[in-house]
Amino acid sequence: MHEQSGGPDSYFKQLGGFDGRLKGIIQKLEAELAKPSRRNARQVDFLCTEIDRLTREYLLFLTAMNTARIAQEAAASTPDEAMDIKRAWGVVGARTNLFRLEINRWATIRGLVQEQRQTRRLPLYPPQAKLAKTTYTQMGASDDVFHWLHAMLNPSEQSDAARDHACFPDIALSNSEFHEHLHAAYRVILAQRRNEPVRFLDVGCGGGLKVLTAFRYFPETHGFDFDPAYVDAANHLLSKDDGLNCQVFEQDALTFEGYGNYDVIYFYRPISEETLLIEMEQAIATQARPGTVLVAPYVSFPARHEALGCGHIGGAVYVAGLSQKQANSLRIKAEKMGPYIVKPDDALLSSVWDPLLVVSRANGFDIPDRYKKPRY
Ligand SMILES: C[S@@+](CC[C@H](N)C(=O)[O-])C[C@H]1O[C@@H](n2cnc3c(N)ncnc32)[C@H](O)[C@@H]1O
């Protein structure tokens with residue numbers, strides 16, 4: 001009886017049809033969003049409309065199914081038969097409800113897809129004049145607090161050995177400027193469409209606050225410093241949370257042989273002596289793999305990057321082993337990446353929308369609600 005047309009099995013089959021159809025459309029949308037440029041906006045709109053249609057049909061299907069279930073239960077001639085019918089409908093009822101929960105998320109996913117229907121360029125360094133004055137002053141206040149924190153976390157005096165080695169003491173780049181450069185570097189990394197987890201290095205990391213900050217952007221962050229007391233302070237900070245994939249070690253930037261193991265290398269003028277600083281830049285540029293993103297926020301680097309074989313992307317961001325022409329075209333691709341610094345998703349269950357979430361996050365887009373501050 002359950003296999004008859006209008007019985008639970010037939011609805012189960014129809015549910016499979018909806019699921020298969022939806023997955024097919026999602027696959028096509030995913031392919032469109034995976035294009036780094038020249039997305040077919042009309043195709044995106046058409047596929048979104050197909051999903052709209054499917055969701056409407058699904059709601060009608062649910063109503064029809066409930067009517068059929070109620071009629072069958074009412075027609076039962078004995079309590080045992082009624083129990084059998086309820087049991088038979090139970091499984092399909094649970095599955096259709098689960099699918100309905102997925103369908104309910106379409107409005108949110110639709111917004112995410114529509115944001116990417118065309119690839120638009122968003123500058124890596126938006127003009128500061130565009131910031132609201134209130135935001136600007138809040139950033140300044142936050143920077144001051146980070147400078148205090150920086151000093152509290154690493155109260156040690158510079159060692160004599162470090163001073164004799166022409167090391168600068170642990171002077172922090174401001175927090176907001178660091179985020180500006182890292183965000184630009186992050187979007188370059190997205191534009192490069194890398195497959196392996198990205199590794200970040202802070203050359204001369206002092207008390208380690210930048211190594212920690214960079215962990216918000218990249219899955220593995222390292223730092224090293226010449227000064228052992230600074231390294232101790234950094235390790236003390238990073239040991240406070242088991243979930244960090246951050247490491248700090250003692251090392252001399254001039255003799256380090258591991259620059260080739262990183263994808264993003266940040267160096268904020270660690271060395272005071274110009275000739276030694278140039279030696280360090282040469283070691284980094286020689287060892288870094290082509291495509292490695294370099295973040296060098298200090299005044300003398302712009303005059304030297306070209307001779308080191310690095311292309312300038314913008315601001316303090318450069319890429320090793322690229323001509324300026326290649327760097328310009330990479331910058332355009334990076335500008336087409338979205339503005340989100342994607343946070344790990346702790347959703348436990350997989351969802352039919354996962355392919356669209358994954359491709360969107362790889363484009364620098366995400367569901368805005370995951371980032372919005374509450375308003376009171
Ligand atoms: C200007 S501070 C930068 C601190 C941190 N990276 C930041 O951006 O806030 C320079 C740091 O580089 C370290 N340093 C200087 N010369 C170094 C060298 N040859 N090898 C490793 N670290 C060095 C100093 O000890 C100091 O902590």
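The residues on offer are Asp9, Asp19, Asp52, and the sole one that is within 24 Å of Arg117 (Cβ to Cβ) and of a type in the set (Asp, Glu) is Asp52. Among the residues of the range 63-100, just one is part of a loop (DSSP other than H, G, I, E, B) and surrounded by 11 or more Cβ atoms within 10 Å (Cβ to Cβ), namely Ala76.
Restricting the range 1-49 to residues that are among the basic types (Lys, Arg) and modelled with pLDDT of 95 or more leaves a set whose member that is farthest from Lys333 (Cα to Cα) is Arg21.
In the range 243-258, the qualifying residues are those that are within 13 Å of the ligand (Cβ to nearest atom) and open to solvent by less than 60 Å² (accessible area, probe 1.4 Å), and the one that is nearest to Leu182 (Cα to Cα) is Val248.
Note on the range 161-193: among residues that are among the acidic types (Asp, Glu) and open to solvent by 50 Å² or more (accessible area, probe 1.4 Å), the one that is farthest from the ligand (Cβ to nearest atom) is Glu180. Restrict the check to the range 275-287 and report whether at least one residue is under 30 Å from Ser37 (Cβ atoms) and crowded, with 21+ Cβ neighbours inside 10 Å. Yes; the residues of the range 275-287 include at least one that is under 30 Å from Ser37 (Cβ atoms) and crowded, with 21+ Cβ neighbours inside 10 Å.
Of all the residues in the range 194-215, those that are near the ligand (Cβ under 10 Å from one of its atoms), open to solvent by 20 Å² or more (accessible area, probe 1.4 Å) and part of a loop (DSSP other than H, G, I, E, B) number 1. Residues in the range 216-242 that are more than 14 Å from the ligand (Cβ to nearest atom), assigned to a loop (DSSP other than H, G, I, E, B) and modelled with pLDDT of 95 or more: Arg216, Tyr217, Phe218, Pro219, Ser239, Lys240, Asp241. Of all the criteria given as (1) under 23 Å from Val264 (Cβ atoms); (2) near the ligand (Cβ under 10 Å from one of its atoms); (3) part of a loop (DSSP other than H, G, I, E, B), the one not satisfied by Gln158 is (1).
Evaluating Gly321 against the criteria (1) in contact with a Cys (Cβ under 7 Å, 6 or more places away or on another chain); (2) on the phi > 0 side of the Ramachandran plot leaves one unmet condition, (1). Residues that are more than 6 Å from the ligand (Cβ to nearest atom), touching a residue at least 40 places away in the same chain (Cβ under 8 Å) and either open to solvent by 10 Å² or more (accessible area, probe 1.4 Å) or hydroxyl-bearing (Ser, Thr, Tyr) (or both) within the range 259-268 comprise Tyr259, Asn261, Tyr262, Asp263, Tyr266, listed in sequence order.
The values are calculated or read from the model by the stated rules, or taken from the named source; none is laboratory data. Small disclaimer: the values here were computed from a predicted structure and weren't measured. Please note: Cβ atoms are built from the backbone with ideal geometry, for glycine as well, and neighbour counts cover all protein chains shown. Note: areas computed on protein heavy atoms with side chains; ligands, DNA, RNA excluded. Shrake-Rupley method; radii C 1.70, N 1.55, O 1.52, S 1.80 Å.
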